[in-house]
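What follows is a short report on a single structure.
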Amino acid sequence: MNFNNPIDLRALTPQERKRIQAQIEGFLYTEKIVPMDEFVNGKKYLNLKGRVYDRIIWVLNQVDQTELHEACLLWGKGAGKSTAVVIMLIRMIYRLLCYQDIHSYLELMPGTPIFVLNMSVSQKQAKSVIYKLLAKIVDESPWFRNKCKIKASEIEFKNDIYMLSGSSSSTSFLGLATIAACMDEVDYIVTGK
């Protein structure tokens, strides 16, 4: 491949794009990123077959295949918002752990802690809804075995990656190298102004 002459990716055939994508993935990742449905249902990964609505997996797949920077789930009670958010947060952590060198990729100094946050109206709410389910799924996942330590309100993963859970009013999240965050019950969060 000649890097002195940039390639117009739009001019490539689908087969050529797939070949280049495979080369890039081989350079960036320690293992191939599996499709969302395999990640959710596969026995090696989350092993949730039959426990997650098909429509939730469809939505997760749509989000996962785009370059979205924000998603807002406006679904009714019991529709699966918490489940969807938990799986997306776990998916983000999975992707981070698959990088050869996540710190170089994100242009961070080696050893810089990278955070995925779960915030809610209170510490109790944050721990009892999203964090509790997330910790249970990670704990039961064969893929995450030996890749993390689960604590009361945080999970410490390999490669300086952390999942923290807390109150949205807490200033303790300020200044962290945060790559993703979930704000549960955001419509009830009062700004204090």
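A few comments on the model shown:
- The stretch 20-49, residues that are in a loop (DSSP other than H, G, I, E, B) and open to solvent by less than 80 Å² (accessible area, probe 1.4 Å): 31, 33, 34, 35, 42, 45, 46, 47, 48
- Lone unmet requirement of (1) touching a Leu at 6+ places or on another chain (Cβ under 8 Å); (2) modelled with pLDDT of 95 or more for residue 150: (1)
- Yes/no for residue 61 being modelled with pLDDT under 85 and either surrounded by fewer than 17 Cβ atoms within 10 Å (Cβ to Cβ) or of a type in the set (Ser, Thr, Tyr) (or both): no
- When the stretch 91-120 is filtered for residues that are open to solvent by 30 Å² or more (accessible area, probe 1.4 Å) and in contact with a Pro (Cβ under 9 Å, 6 or more places away or on another chain), the ones remaining, listed by number, are 101, 104.
The values are calculated or read from the model by the stated rules, or taken from the named source; none is laboratory data. Quick caveat, the model's predicted, so the values are computed rather than measured. A quick note on method: Cβ atoms are made from the backbone with ideal geometry, for glycine too, and the neighbour counts reach across all protein chains shown. Heads up: the accessible areas ignore ligands, DNA and RNA and are worked out on the full protein's heavy atoms, side chains in. Shrake-Rupley method; radii C 1.70, N 1.55, O 1.52, S 1.80 Å.
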